[in-house]
1. Among (1) closer than 21 Å to residue 143 by Cβ; (2) in a loop (DSSP other than H, G, I, E, B), where does residue 24 come up short?
2. Do we find that residue 183 is part of a helix (DSSP H, G or I) and buried (at least 20 other Cβ atoms within 10 Å of the Cβ) in this structure?
3. So, of the residues in region 59-82 that are surrounded by fewer than 19 Cβ atoms within 10 Å (Cβ to Cβ) and part of a loop (DSSP other than H, G, I, E, B), which turns out to be farthest from the chain's Cα centre (by Cα)?
4. Can you find a residue in region 134-144 that is in a loop (DSSP other than H, G, I, E, B) and either more than 18 Å from residue 21 (Cα to Cα) or modelled with pLDDT under 95 (or both)?
5. I need the full set of residues from region 145-165 which are in a helix (DSSP H, G or I) and either under 21 Å from residue 183 (Cβ atoms) or under 17 Å from the mean Cα position of the chain (by Cα) (or both), in order please.
């Protein structure tokens, strides 16, 4: 596998998606369900992010959102031919802000998995099989199956208090070196959190690949 890291343009897309997620999460109405995924002690910190803090946190060199990349059962059912639609897990009517974020993220991971599977795995903390599964489908089909789901979008490692505590404290520091160190430590946590052997190999490869970060 080619272990070349993400391009600056990829990191720009990551920043834009992270920014959109954080703007949604701190909103009074739209972000309530997402904030509830975090431990109670961290929910007010996320809701109280300032514009400047949103910019700093969005610059993390990985996706702060998750599309349940490691839930093989969920994705097998979602992409199954002739799969029935769960009315309790879909949004009626027009696509809302979460749906737009899901659509943009699916488009991003689809093209990235086809061009640079390693970069996709690094930014999403995903397995090789998940990236291959996404890349093998037509983009239109993926969007039709995912953009109206209410059970797909989530916060990455939402149940990991240390992960989010680091991001919402040192990861927001005005000192760029402290902020960068905290975000890279969070990236390492993301890459070592999975139980799959192919996910566990990612940190080793990441050590030898240059991962640029955005300065805010």
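1. Of (1) closer than 21 Å to residue 143 by Cβ; (2) in a loop (DSSP other than H, G, I, E, B), only one is false for residue 24: (2).
2. Judged against the criteria, residue 183 is a match.
3. The selected residue is 82.
4. So in region 134-144, the residues in a loop (DSSP other than H, G, I, E, B) come out as 137-138.
Cutting the leftovers down to either more than 18 Å from residue 21 (Cα to Cα) or modelled with pLDDT under 95 (or both) gives us 137-138.
Within region 134-144 (the criterion being in a loop (DSSP other than H, G, I, E, B) and either more than 18 Å from residue 21 (Cα to Cα) or modelled with pLDDT under 95 (or both)), the answer is yes, since at least one residue qualifies.
5. Going residue by residue through region 145-165, those that are in a helix (DSSP H, G or I) are 145-146, 161-165.
Passing the criteria: 146, 161, 162, 163, 164, 165.
The values are calculated or read from the model by the stated rules, or taken from the named source; none is laboratory data. Bear in mind that the values here come from a model prediction, so they are computed numbers and not experimental data. All Cβ positions, glycine included, derive from the backbone under ideal geometry; neighbour counts span all protein chains shown.
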